[in-house]
Amino acid sequence: MNTSDKGFNTKLIHGGDIDDVFGSANVPIYQTSTFRFKNAQHGADCFSGKSDGYIYTRIANPTIRALEKSVADLENGFDGIATSSGMGAISSVYMALLGAGKHIISSDAVYGPARGILEQDFSRFNVEASFVNTSNPENIIKAIQPNTCVLYIETPANPTMNLTDIAACAEIAKKHNLILVVDNTFSSPYLQKPLDLGADVVLHSVTKFINGHADIVGGIIVAKDKKIYKQIRHAMVYLGCNMDPTQAYMTLRGLKTLAIRMERSQENAMKVAEFLANHPKVAWVKYPGLPSHPHHELAKKQMKGFGAVMSFGLKGGYQAGEKLMNNVHLALLAVSLGGVETLIQHPASMTHAAVSKENKLEAGITDDLVRFSVGIEDIDDIINDLKNGLDKI
Ligand SMILES: *Cc1c(COP(=O)(O)O)cnc(C)c1O
């Protein structure tokens, strides 16, 4: 069904529908590496682009295409490119849009490896990168060089929960001829639509909210126009970080409940944030839904809700954090986020361990910072678990 004129929830349920010979209610898993051509001419037409038949799963596959079209429709983009992981999406975008002698400006607090691959790997190919606090757009303007071609932001950012004004970035990008890329993992298209705010490319780790069940790793990119879409698809196909058909099927299944999962988990998150903010052992809480968050007004402007992830610090610092993590039992001590289960982790020693201490501090990733991703369990159980853990400090 073409769902482009339908509401968000209808798109979630029917956006992945494809024509199928047996009338299956769900997208079948086309678990095949290759596709038979009808004859020599058909094979030639598929390769030349005259026919849009399938050739080989690294290039395209019907199950994967269903997910790509569905998420592209949710993000109001031209088309989507599913990848093996969120990092596969980020690597494909960097590979497509950067080159020797080019310069990228990125938010300083981004997903650790998204920064690490620029610092440690793309730097070897003569790609320059500047990491700035993009929450203040002035910092972006100051960092622009004649060879800058990409502005890469993550909002809310991992794990500081700082927000960046997408519309303001789009204006800067347009004026200086930069391609604006937004990592929308923390919000999902349910809460935030970067392309509508002027971004050129949006990407996700579907491992998080889009799939939502902590049972697969995957990524997706959506481009606003055909030219950039083709550039990125080429990079993905040549790098070989395609999604697998079963991964796509699982993600399509998880996607259907994105809106109701997000609603419940952000309702829980608001209560957790308020509980933590009033707890004597908690030094600070950063959740976009709290009026104390420095970008609360921006959150209200560019997001439809405040999401389910927060960070907080304990008065007892690193040791208290360690104690808390060893004394919660319902919240899983695990990296990742955006699933139906509540997760807790310590970025300084875990997800952002690869970032140098100096860069961590500059990006606001302090040693006492604990990241909490709120699931859809009963709120009383989540809060009691935290309460018991905090009592042990
Ligand atoms: C997890 C995450 C990624 C990386 O995704 P993978 O699926 O783990 O490769 C990228 N960006 C953000 C914001 C993330 O949370």
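The values are calculated or read from the model by the stated rules, or taken from the named source; none is laboratory data. None of these values were measured; they are calculated from a predicted model. Every residue, glycine as well, gets a Cβ built from its backbone with ideal geometry; the counts of neighbours run over all protein chains shown. Just so you know, the surface numbers come from the protein's heavy atoms only, side chains and all, with ligands and any DNA or RNA stripped out. Shrake-Rupley method; radii C 1.70, N 1.55, O 1.52, S 1.80 Å.
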Using the structure shown, list the pairs from K11/K208; K256/K300; K50/K230 with a Cα-Cα distance above 22 Å, or answer none.
K256/K300
With θ taken as phi - 60° and the coefficients 6.51, -1.76 and 1.60, list the Karplus ³J(HN,Hα) couplings across segment 356-368 in order, rounded to whole Hz; mark glycine and proline as x.
4, 4, 4, 5, 4, 5, 4, 8, x, 8, 7, 5, 8
Euclidean distance of C-alpha centroids, segment 298-364 and segment 214-266, integer Å
24
Sequence-distant residues sharing a close amide H with A214 (under 5 Å, placed H):
V340
Over the chain: helical MRE at 222 nm, DSSP H runs n ≥ 4 each giving -39500 (n - 2.57), nearest 500
-11500 deg cm²/dmol
With DNA, RNA and ligands ignored, accessible area of K357 (1.4 Å probe; Å², nearest 10):
130
Positive minus negative residues near L118 (Lys, Arg vs Asp, Glu; Cβ under 12 Å):
-1
So who's got an amide H within less than 5 Å of the one on L180, skipping anything under 5 residues away but keeping other chains? H placed 1.01 Å off N, in plane.
L151, D200, V201
On the accessible surface of the chain, probed at 1.4 Å, how many percent belong to carbon and sulfur atoms?
52
What whole-number value in Å² describes the accessible area per residue of segment 8-255 for a 1.4 Å probe?
41
Would you mind getting me the FRET efficiency between N126 and K323? Use the beta-carbon distance for r and R0 = 41 Å, nearest 0.05.
0.35
Under a 5 Å amide H to amide H cut-off, with H placed in plane at 1.01 Å, what residues pair with N162 once short-range neighbours are removed?
A157
For E128, the accessible surface traced by a 1.4 Å probe with all protein chains present amounts, in square angstrom to the nearest 10, to 80
With θ set to phi - 60° and the Karplus curve 6.51 cos²θ - 1.76 cosθ + 1.60, what are the ³J(HN,Hα) couplings of segment 275-285 in order, to the nearest whole Hz, using x for Gly and Pro?
4, 5, 4, 9, 8, x, 8, 9, 7, 7, 9
Stretchable slack from D225 to V21, in nm (0.36 nm times residue separation minus alpha-carbon distance)
70.3 nm
Per residue, how many Å² of accessible area does segment 258-391 show with a 1.4 Å probe?
42
Cα-centre dipole for segment 8-255 with unit charges at Cβ (Lys and Arg positive, Asp and Glu negative), debye to 20
520
When every protein chain stays in place and a 1.4 Å probe is rolled, Y152, Y56, Y229 sorted by accessible area with the largest first are Y56, Y229, Y152
